[in-house]
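One structure is given below, encoded as structure tokens.
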Amino acid sequence: MAERKTRALASPSPLRGRGARGEGAKRTRDANRQEPSPPLRKGGKFRCYDVAIANRQRSVSLDVTKLRRVAEQTLLEEQVTRAEISIALVNDAEIWRVNKQFLNHDYPTDVVSFLLEVDWNAIDAAMSFIAYAKRGVQPRGAGKTLSGEIVIGAAYAAREAAEYGWPTQNEVILYLVHGLLHLCGYDDLSPPEKRIMRRREDAILNLCGLDRPPRRKARQT
């Protein structure tokens with residue numbers, strides 16, 4: 001995954017009416033049989049996540065069910081209380097359009113995330129910080145209720161995966177975790193924040209049984 005200077009954007013949704021949520025959402029969910037998961041339990045609390053994935057590209061074969069599980073695992077590890085997340089897997093043309101429209105970057109990219117709504121429960125957050133203190137982790141999603149969207153360039157991921165020598169599915173998982181962490185409040189606009197975010201990415205990838213391959217060169221997107 002190329003290094004980038006983006007963050008979760010508080011912006012109008014790029015996916016409304018395009019088969020992730022909004023108009024057409026029911027048809028997409030029926031086609032993919034993606035009903036909300038039952039509540040997940042961690043830290044003595046039940047947490048509810050509604051993750052909808054729309055695969056709008058045909059060049060790359062991806063395991064959508066596994067991606068959904070990774071999304072739920074990431075939110076659970078971040079101690080997010082509730083979340084409604086739409087994820088779109090798109091081709092170069094669409095990720096290029098989104099990147100240009102919302103970031104004014106005229107080229108395809110790996111992942112762009114959009115934070116639509118966020119609420120925060122201070123008591124839930126405090127309990128999570130206490131529970132995680134011994135591990136030296138302070139999850140920034142703790143106590144939050146999130147609504148957001150993530151757009152992932154599948155063809156971009158395939159090219160990067162080939163360069164770095166691991167499966168495209170794993171590259172897409174990396175982008176997904178990165179986008180979700182942006183929604184939780186992490187950023188990578190400064191070296192210290194980038195290091196924090198990268199450590200959190202690696203921890204979650206390890207929970208998914210993945211080790212990030214060495215990046216031979218940091219490229220700006």
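The values are calculated or read from the model by the stated rules, or taken from the named source; none is laboratory data. Here the structure is a predicted model, which is why all the values come from computation and not from measurement. Here Cβ is always computed from backbone atoms with ideal geometry, including for glycine, and neighbour counts include all displayed protein chains.
A few comments on the model shown:
- Residue count for the range 170-187, restricted to those that are within 25 Å of LYS100 (Cα to Cα), of a type outside the set (Phe, Trp, Tyr) and out of contact with any strand residue (DSSP E or B) (no Cβ under 8 Å at 6 or more places or on another chain): 6.
- Of all residues making up the range 37-58, the number that are assigned to a loop (DSSP other than H, G, I, E, B) and either modelled with pLDDT of 95 or more or loosely packed, with under 14 Cβ neighbours inside 10 Å (or both): 6
- Subset of the range 142-189 [farther than 15 Å from ASN55 by Cβ, among the hydrophobic types (A, V, I, L, M, F, W, C) and part of a helix (DSSP H, G or I)]: ALA161, ALA162, LEU174, VAL177, LEU180, LEU181, LEU183, CYS184
- Every residue from the range 59-77 that is modelled with pLDDT of 95 or more and charged (D, E, K, R): ASP63, LYS66, ARG68, ARG69, GLU72
- All positions within the range 155-203 that are over 26 Å from GLU94 (Cβ atoms) and buried (at least 20 other Cβ atoms within 10 Å of the Cβ): ARG200
- Among the residues of the range 53-83, those identified as of a type outside the set (A, V, I, L, M, F, W, C), over 23 Å from ARG198 (Cβ atoms) and in contact with a Lys or Arg (Cβ under 8 Å, 6 or more places away or on another chain) are ARG56, THR81, ARG82.
- Residues located in the range 75-125, provided they are in a strand (DSSP E or B), touching a Phe, Trp or Tyr at 6+ places or on another chain (Cβ under 8 Å) and among the aliphatic types (A, V, I, L, M): ALA83, ILE85, VAL111, VAL112
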